[in-house]
Amino acid sequence: MIKRMVFLFVFAVLATVQLNAQTKTGTSVGAFLSIEPSARIAGMGNAGVTLYGEPEAVYYNPGSIGYFEGDAVQATHSLWLADITYDYGVLVLGIGEVGNLYATLTSLNSGEINVRTVEQPLGTGERYTVSDVAFGLGVGRQISDRFSIGLQVNYIQETIWHSAMNAYSLSVGTIYRISPDGMRLGASISNFGTRGQFDGRDLRILYDQNPAKYGDNGQLPAQLLTDAYPLPVMFRVGLGMPITLNEENKFTVAVDTFHPSDNTESLSFGGEYLFENTFALRAGYQNLFQQDSEVGLTLGAGIRYDMVGYAFMFDYAWANQGRLKDTHRIAVELVF
């Protein structure tokens with residue numbers, strides 16, 4: 001059984017490396033759903049489908065929450081590309097044998113932007129914003145000491161000035177531990193759902209059916225129709241391995257392969273060194289073999305402080321975005 005699962009993972013890796021598919025970039029809506037939130041996992045190259053132990057791991061694999069112990073809240077803030085702000089939060093509550101319930105909130109905001117037209121390239125005096133919001137509810141359960149599953153339903157909304165798009169999606173995942181402290185295999189599918197189509201008052205226009213004809217009504221109310229596009233579905237398969245060097249030093253390595261619906265396949269990998277369960281250093285490389293990729297090296301660090309009945313974690317991650325410069329993530333977590 002173990003050999004078969006390892007063989008399937010290796011086969012997936014080789015297929016990812018050898019596949020040379022045409023790029024599908026720009027063929028989906030809700031692109032903000034593809035931004036990975038966890039500062040810990042981002043520091044490890046975003047190879048997170050087999051990782052657990054923090055609430056935000058549910059983004060990569062809802063099955064991770066089955067192994068989580070206790071109640072917790074975690075939030076990430078990131079100054080994203082072009083001064084766009086990105087925020088992500090998770091609340092986890094244990095409900096006995098049912099498992100762990102959790103709620104997620106994702107927010108992306110452009111800030112105010114000047115409205116410019118061909119006739120007024122310096123601005124009309126109006127300002128608009130682009131804002132994206134996603135709300136999710138999920139549950140995860142540890143079926144045995146080796147196997148966990150999770151499921152999450154999501155509501156997604158994108159707003160551009162006075163027009164908006166709504167959609168619904170489902171994310172599912174599982175993690176299998178070959179032994180409690182040994183190799184882990186994980187798989188998940190994210191954002192499988194409805195298509196999104198923009199509608200709103202910005203698409204209402206006045207239409208002249210025959211501009212060359214005098215005497216007709218050139219102020220007919222009309223509406224521009226937009227196409228419906230799918231959400232960015234992501235399929236992840238990964239392998240992770242914790243390595244205990246001694247009582248004070250632990251090391252974790254992880255490798256993920258990705259099959260997105262709106263881009264080419266890729267591979268990410270990373271590692272985490274943990275000292276005394278308090279200080280962590282991380283490094284990784286993301287989206288190797290992806291066509292026209294602008295991302296690459298990632299670095300991160302974290303600290304944990306235990307109090308009576310509580311634990312506090314702080315994590316930071318830096319990621320290279322190529323010509324788009326760097327991104328930074330800061331995450332805090334409170335376990336109670």
(Q) Suppose we filter Ser163, Ser171, Ser179, Ser148 for residues that are polar (S, T, N, Q), more than 19 Å from the chain's Cα centre (by Cα), surrounded by 14 or more Cβ atoms within 10 Å (Cβ to Cβ) and within 30 Å of Gly96 (Cα to Cα); which single one remains? (A) Ser148
Q) Considering the range 240-258 alone, what residues qualify as being within 19 Å of Gly296 (Cα to Cα) and either at pLDDT below 95 or of a type in the set (D, E, K, R) (or both)? A) Asp256
Q: Being in contact (Cβ under 8 Å) with a residue 40 or more places away in the chain and small (Gly, Ala, Ser) is the filter here, so list the residues in the range 250-297 that pass it.
A: Ala254, Ser261, Ser266, Ser268, Gly270, Gly271, Ala280, Ala283, Gly284
Q) Does the range 156-170 include one or more residues that are hydroxyl-bearing (Ser, Thr, Tyr), under 16 Å from Gly240 (Cβ atoms) and at pLDDT 95 or above? A) no
Q. From the set of residues in the range 54-74 that are of a type in the set (Gly, Ala, Ser) and in contact with a helix residue (DSSP H, G or I) (Cβ under 7 Å, 6 or more places away or on another chain), which is farthest from Asn191 (Cα to Cα)?
A. Ala72
Q. Out of (1) touching a residue at least 24 places away in the same chain (Cβ under 8 Å); (2) over 19 Å from the mean Cα position of the chain (by Cα), the odd one out for Ala317 is which?
A. (2)
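Residue by residue, here is whether (1) crowded, with 16+ Cβ neighbours inside 10 Å; (2) among the charged types (D, E, K, R); (3) within 20 Å of Ala31 (Cα to Cα); (4) in contact with a helix residue (DSSP H, G or I) (Cβ under 6 Å, 6 or more places away or on another chain) holds:
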| site | (1), (2), (3), (4) |
| --- | --- |
| Pro232 | yes, no, yes, yes |
| Gly240 | yes, no, no, no |
| Phe251 | no, no, no, no |
| Phe258 | yes, no, yes, no |
| Gly270 | yes, no, no, no |
| Ala280 | yes, no, no, no |
| Gly300 | yes, no, no, yes |
| Val335 | yes, no, no, no |
(Q) Please count how many residues of the range 174-201 are under 19 Å from His259 (Cβ atoms) and small (Gly, Ala, Ser). (A) 5
Q: Select, from Val139, Val153, the only residue that is buried (at least 17 other Cβ atoms within 10 Å of the Cβ) and in contact with a Phe, Trp or Tyr (Cβ under 9 Å, 6 or more places away or on another chain).
A: Val139
(Q) Being within 12 Å of the chain's Cα centre (by Cα), modelled with pLDDT of 95 or more and within 20 Å of Gln157 (Cα to Cα) narrows it down to one residue among Tyr60, Tyr88; which is it? (A) Tyr88
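The values are calculated or read from the model by the stated rules, or taken from the named source; none is laboratory data. Bear in mind the structure is a predicted one, so any value in this text is a computation, not a measurement. Positions of Cβ are generated from backbone atoms using ideal geometry, with glycine treated the same way; all protein chains shown enter the neighbour counts.
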